[in-house]
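One structure below.
Quick note: the coordinates plus some simple rules give every number you see, no bench work behind them. These numbers were taken from a predicted model, which means no experiment stands behind them. With ideal geometry, Cβ positions are generated from the backbone for all residues, glycine too; neighbour counts draw on all protein chains shown.
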Amino acid sequence: MGDVLWGRRNLVRETVEVFRENSEQSAVRAHDLQAAALAQFAAEFLGQKSGFDRFMDGLNRLPRPMLALGTLGLMGAAMLDPVWFAARMQGIALVPEPLWWLLGIVVSFYFGARAQAKSQAFQEGIARSLARVPRAVENLESLNALRQGADPVEKNETSDNPALADWHRDRRG
């Protein structure tokens, strides 16, 4: 009898879905959307890269390891052959100052953006902490007053608010 009146449709579900989204279908759509996005992302990396692209990717990965290993190599060279190392350092001492500035700029642009962002975030965190210091000191003073059995708001009796001063006087009796 149900099939005769309702057919193969679920009338209750269809009516409710007019007012509320079907959670199961929503999850299926979200899964399909995520799968499509991942497929698109993967397609970008599946394609054949040109030789130039592969060369540039490799080149972009070299500076940090080269700087780290080069510094360790210089330390090792200084220990193994100090005279050879000193001769090389004399050559570096002859490099003109503008060239050092240029090297500093190149290294700063390469490594500096991340360091700058981290430094600014650190300074903002310190500023937020320092802004909370007066309130923390007030809270500590109130807690110490409570510990000693004193009225934590007694210091406010000298305020410009006459109602508060009257209230304090009335409280003390």
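Yes or no, residue by residue, for (1) hydroxyl-bearing (Ser, Thr, Tyr); (2) surrounded by 10 or more Cβ atoms within 10 Å (Cβ to Cβ):
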| residue | (1), (2) |
| --- | --- |
| 50 | yes, no |
| 68 | no, yes |
| 74 | no, yes |
| 77 | no, yes |
| 82 | no, yes |
| 92 | no, no |
| 98 | no, no |
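Within the stretch 92-107, residues that are without any contact (Cβ under 8 Å) to a residue 12 or more places away in the chain have Cβ atoms under 9 Å from residues that are surrounded by 10 or more Cβ atoms within 10 Å (Cβ to Cβ) and assigned to a helix (DSSP H, G or I) in these pairs: 95/103; 107/63; 107/67, counting only partners at least 6 apart in sequence or on another chain.
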